[in-house]
Amino acid sequence: MSLSAPTGDEPGRDAPRHTISAAARHCGLSQDTLRWYERIGLLSHIGRDHTGRRRFSDRDLEWLTLITRLRTTGMSVADMIRYAELVRAGENTIPERLAMFRATRAEVLDRIAELHKTVAVLDHKIALYEEHSTPARSPDNAAS
């Protein structure tokens, strides 16, 4: 994946070939969300076919995968837009992008640690309830 904006250096990757429904399926977002992402500047120029319908390139799909992952981290849409702006501004913004990703990574690791604690509590409760719901074996039914 490139550090900066698409350059067109790989033949075919920038060809607008995927419909909006295919792009939505690819990234698990709705078509309305993709249109909104384009309106707010999270997606740069999306190609159009001869009838004016959106067509997404392979590079667009890669970008959608990335921003979908960023959203999963809990990154705000505003921060994702800022990241997109930094990417479009060029490689001189790499230090700021790196700082953003390091901060986001630290936040994700904190959330993972909290989730591990939550799983431990759930495991404890499950064990208690399983112990409570398992009938005690009496000497009469121990062999059955």
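Per-structure values
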| quantity | calculated |
| --- | --- |
| Over the chain, relative contact order from alpha-carbon pairs under 8 Å, at least 6 apart, % | 23 percent |
| Vicinal HN-Hα couplings computed from phi for segment 42-51 (Karplus, 6.51 cos²θ - 1.76 cosθ + 1.60; Hz; Gly/Pro x) | 6, 10, 7, 3, 9, x, 10, 8, 5, 9 |
| For the chain, built as a Gaussian network whose Cα springs stay under 10 Å, the top-fluctuating residue of THR134, THR104, THR68 | THR134 |
| Positive-pole candidate from PRO16, ALA99, ILE126, dipole of segment 1-126, charges at beta carbon | ILE126 |
| Interchain or long-range residues, amide H under 5 Å from GLY47's placed H | ARG55, SER57 |
| Debye-sum result for segment 53-139 in log10 I(q)/I(0), which assumes one identical scatterer on each alpha carbon, at q = 0.14 Å⁻¹ | -0.68 |
| Most to least packed among 92-98, 115-121, 77-83 [average Cβ atoms within 10 Å] | 77-83, 92-98, 115-121 |
| Debye log10 I(q)/I(0) for segment 1-116, one point scatterer per Cα, at q = 0.16 Å⁻¹ | -0.80 |
| Rounded to whole Hz, the Karplus (6.51, -1.76, 1.60) HN-Hα couplings of segment 62-69, x for glycine and proline | 4, 5, 4, 4, 4, 5, 5, 5 |
| Segment 48-89 shape via C-alpha gyration tensor axes, a/c threshold 1.5 | prolate |
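Taken together, the values in this text are just the output of simple stated rules run on the coordinates, not laboratory data. Computed from a prediction, not measured in an experiment: that's the story for all the values here. So basically every Cβ, Gly included, is an ideal-geometry build from the backbone, and we count neighbours across all protein chains shown.
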